[in-house]
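Comments concern the structure below.
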Amino acid sequence: MYGSGKKPEDRENMRIGCEKMAKQLLIDAYRGKRTPKAPWLPYAGVHCAYLIGEKANVYLQNADLLAKGVLFAAERYKVDGMPLVFDLNVEAMSMGCEANWYPDNPPAVIGHPLADKTLAEANLKIPTAKDGRWPVIVEAGRKVMEKKGDWALLGLLCGPLTLASHLRGVKIFTDVVKNKPLAGEILGFCAKVCAESARIYRDIGCEIIALVDPVASQIRPETFREFVTPACQEAIKVIHDAGRTSSFYICGDATKVLDEVCRIGTHGFAIDEQLNINYVRDMALKYGLGFGGNLKLTLALSLGIVNPREDAIVSLAAGGLTGYTFAPG
């Protein structure tokens, strides 16, 4: 009677599993658990502004618009989770770094206070929820938490090496090799900023909090282990002590550092289109971690060189049902 060979009760259990709450589905996948289907997490970012007819530079500075955009995108795309913002300039700008705003993109940091000054000379302070851009984000988060449906809200904080590159500029990439004491001092400061950002997202109520460190793919594994891994530990502890779910996002060809990413201590990680999803899956399964990607953001979604539907099918088939979250790469 049942062509699949499954008993009626097995089919009913599968049906119930597939109806599991979207939020819990995503949390389970992020924690490396087997799920009845792969959850869906679009990193909408300032695309949310486009969806509601606003310019990015206006949208990111208005709590009402931020909340409206996130809620609209969540409903439009039937998500299992959504980031509150995807903007890695928040921490640096909240410390006074000069930045340019754009109507169709997140802002970009253009001033690096530690390029020619020490930490003491620059007099940088760890930004709290009351400083810089944080009040707008906190207020937007409160509004989203009040109105969102059954999906997880993600807090994405700027990872330590990316933040160090905002503060020091490209010099940080030679510092980690040629001036390790200075690099250690700067990364140590960035670690405390990351931890405070994690506390802010914790207090907003974000169910998942991720450290996003795209430039960490540009260093050697031993350099990652020496500087990035320790700089993430305080933030990870904040997340775990609150009972929340953690992740580490990395961009570019992170193949050479992926083993270090798996050892960093988060519940899982996310990658971009430059990595082979089969290799990523095998690494995640080896360490019992959740993993996310690999819908090609550039080739499929932006340029259309690869058919987005076919790309999605390939990613879903390769990702499987153990710890996998379907998301852009």
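The values are calculated or read from the model by the stated rules, or taken from the named source; none is laboratory data. Everything quoted here is computed from the prediction, not taken from an experiment. When we count neighbours, we look across all protein chains shown, and the Cβ atoms used for this are built from the backbone with ideal geometry, even at glycine.
Looking only at the range 234-252, how many residues end up being part of a helix (DSSP H, G or I) and either polar (S, T, N, Q) or touching a residue at least 60 places away in the same chain (Cβ under 8 Å) (or both)?
Summing the residues that are part of a helix (DSSP H, G or I) and either polar (S, T, N, Q) or touching a residue at least 60 places away in the same chain (Cβ under 8 Å) (or both) in the range 234-252 gives 1.
Where the second residue is part of a loop (DSSP other than H, G, I, E, B) and acidic (Asp, Glu) and the first is under 17 Å from Ala327 (Cα atoms) and lies in the range 259-274, which pairs have Cβ atoms under 6 Å and are six or more apart or on separate chains?
Gln274/Asp253
Considering every residue within the range 87-95, establish whether at least one is surrounded by 16 or more Cβ atoms within 10 Å (Cβ to Cβ), of a type in the set (Ser, Thr, Tyr) and touching a residue at least 40 places away in the same chain (Cβ under 8 Å).
Taking every residue of the range 87-95 in turn, at least one turns out to be surrounded by 16 or more Cβ atoms within 10 Å (Cβ to Cβ), of a type in the set (Ser, Thr, Tyr) and touching a residue at least 40 places away in the same chain (Cβ under 8 Å).
Looking only at the range 147-184, how many residues end up being part of a helix (DSSP H, G or I), crowded, with 17+ Cβ neighbours inside 10 Å and not polar (S, T, N, Q)?
Going through the range 147-184 one residue at a time, the tally reaches 14.
Given the conditions (1) in contact with a Phe, Trp or Tyr (Cβ under 7 Å, 6 or more places away or on another chain); (2) acidic (Asp, Glu); (3) free of Cβ contacts under 8 Å to residues at least 24 places away in the same chain, which single one is not true for Glu310?
(1)
Please go through the range 19-57 and pick out each residue that is among the aliphatic types (A, V, I, L, M) and free of Cβ contacts under 8 Å to residues at least 24 places away in the same chain.
Ala49, Ile52
Right, Glu222: under 24 Å from Arg263 (Cβ atoms) and at pLDDT 95 or above or not?
The answer is yes for Glu222.
Checking Val136 against (1) within 21 Å of the chain's Cα centre (by Cα); (2) surrounded by fewer than 18 Cβ atoms within 10 Å (Cβ to Cβ); (3) of a type outside the set (Lys, Arg), only one condition comes out false. Which one?
(2)
Could you list, in sequence order, the residues of the range 280-329 that are part of a loop (DSSP other than H, G, I, E, B) and buried (at least 24 other Cβ atoms within 10 Å of the Cβ)?
Once the filter is applied, which keeps residues that are part of a loop (DSSP other than H, G, I, E, B) and buried (at least 24 other Cβ atoms within 10 Å of the Cβ), the range 280-329 yields Gly323, Gly329.
Answer yes or no as to whether Val144 is at pLDDT 95 or above, in a helix (DSSP H, G or I), touching a strand residue (DSSP E or B) at 6+ places or on another chain (Cβ under 9 Å) and within 30 Å of Gly53 (Cβ to Cβ).
Taking the combined requirement at face value, the residue satisfies it.
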